[in-house]
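A short worksheet on the structure shown next.
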Amino acid sequence: MPHELEQLRDAALSDVAAAADEQSLEVARVRYLGRAGSITSWAERMKSLSKEEKPVVGKLLNEARNSVTAAIATAVENLRAEKEARELANIDISLPGTSVEIGTLHPLTQMLDRGIGIFRRMGFALAEGPDVETEWHCFDALNTAPDHPARNEQDTFYLPEGRLLRTHTSTVQIRTMEKAPPPIRIIAPGAAYRRDEVDATHSAQFHQIEGLYIDEKVSIADLKGTLEFFLRELFGADTQVRFRPHYFPFTEPSFEIDVKSKGLKGGEKWLEMCGCGMVHPAVFEQVNRARNDDAYDPKKWSGFAFGLGMDRLAMILFGIPDLRYFAANDLRFLRQFA
């Protein structure tokens, strides 16, 4: 006559085979293999068996548990496969699939990455600062007094508490000098804001990489070499670079830079590129007052600063005719840079 464990095993396998869904299988599992299941309870009953019975019953118990466990696992797989088959049967395979497009970086992001990479190769570190700034960091520390005419040219968006959106990332240069003594060599990439009328070449928000290098005996030759290297790496080795005298309140002397390259659209024409100059001693004096020391003694330290408009550089490099394309989110435009 079959042992009781064999009878329980056969009953469990019958219930598993008859289960119509996973919920029924779980009920069967709990009934036979759960903590208080009829097969599991035999593990406790083993204690009361004789030495002769224990090996026989132990073997039957393991066989019963393994058989029922395997049957339940197989039944679960079969039920899930049947469910998937039913769901797939409702899919019309003649319908066109959903295309998957590979994304790409925005052209401005590509331009920033490219510019940052060139300056990093020259030893410039990255520096960051807030977009919402104080008037002191944005104007006063940069030798631009409240009644200075240059302040009107860079007017921006003011907030109720007196702060404003920065008009250039030169504010990061001031914050860096406040925190760290010289020598320093940094670039400050980021967004800037001005109250410009939006047209093909102007926007209320644009992007810059500004740079600052301060050390002993820094000269115009260092400034010229740095920016010529950058522009030739960006536009090609045959790029011609021209420095024109200009005026900025925070640099003296100051220059505008033009480039001409056969690799650019309209290659034989000089294109205005960026502004630069030697850091004005008045800027050092403002920073010293803020630091309450003489770390940036203009008699000991000198340096140069520059500002590059990345939107303009991208327009020139990629041949983009209208600045507004950058913010239009038109996939026909963006796909060209994939």
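The values are calculated or read from the model by the stated rules, or taken from the named source; none is laboratory data. Predicted model, so just to flag it, every value in this text is computed and none were measured. So basically every Cβ, Gly included, is an ideal-geometry build from the backbone, and we count neighbours across all protein chains shown. For accessibility, only protein heavy atoms count, side chains too; no ligands or nucleic acids. Shrake-Rupley method; radii C 1.70, N 1.55, O 1.52, S 1.80 Å.
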Quick check, is residue 223 out of contact with any helix residue (DSSP H, G or I) (no Cβ under 8 Å at 6 or more places or on another chain) and buried (at least 19 other Cβ atoms within 10 Å of the Cβ)?
yes
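Considering only region 200-211, state which residues are surrounded by fewer than 19 Cβ atoms within 10 Å (Cβ to Cβ) and touching a helix residue (DSSP H, G or I) at 6+ places or on another chain (Cβ under 9 Å). Walk me through how you get there before you give the answer.
Initial filter on region 200-211 (surrounded by fewer than 19 Cβ atoms within 10 Å (Cβ to Cβ)): 200-205.
Passing the criteria: 200, 201, 202, 203, 205.
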Which residue pairs have Cβ atoms under 6 Å apart, sit 6 or more places apart or on different chains, and have a first residue in region 92-107 that is within 14 Å of residue 336 (Cβ to Cβ) and a second that is of a type in the set (Gly, Ala, Ser) and open to solvent by less than 70 Å² (accessible area, probe 1.4 Å)?
107/314
Given (1) touching a residue at least 40 places away in the same chain (Cβ under 8 Å); (2) more than 25 Å from residue 110 (Cα to Cα); (3) exposed (fewer than 14 other Cβ atoms within 10 Å of the Cβ), residue 322 misses just (2)
Among helices (runs of 4 or more DSSP H) lying entirely in region 39-130, which contain 2 or more residues that are under 30 Å from residue 231 (Cβ atoms) and of a type in the set (S, T, N, Q)?
107-121
With region 185-260 as the region, which strands (runs of 3 or more DSSP E) entirely inside it contain at least 1 residues that are in contact with a Gly (Cβ under 8 Å, 6 or more places away or on another chain) and hydroxyl-bearing (Ser, Thr, Tyr)?
205-215, 251-260
In this structure, does residue 290 turn out to be hydrophobic (A, V, I, L, M, F, W, C) and either more than 18 Å from residue 192 (Cβ to Cβ) or at pLDDT 95 or above (or both)?
yes
Tally time: how many residues in region 15-26 are surrounded by 12 or more Cβ atoms within 10 Å (Cβ to Cβ) and assigned to a helix (DSSP H, G or I)?
6
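Being within 29 Å of the chain's Cα centre (by Cα), open to solvent by less than 40 Å² (accessible area, probe 1.4 Å) and either farther than 18 Å from residue 284 by Cβ or not hydroxyl-bearing (Ser, Thr, Tyr) (or both) narrows it down to one of 214, 187, so name that one. Give the derivation first.
On the way: 214 fails: within 29 Å of the chain's Cα centre (by Cα).
Being within 29 Å of the chain's Cα centre (by Cα), open to solvent by less than 40 Å² (accessible area, probe 1.4 Å) and either farther than 18 Å from residue 284 by Cβ or not hydroxyl-bearing (Ser, Thr, Tyr) (or both) holds for just one of 214, 187, which is 187.
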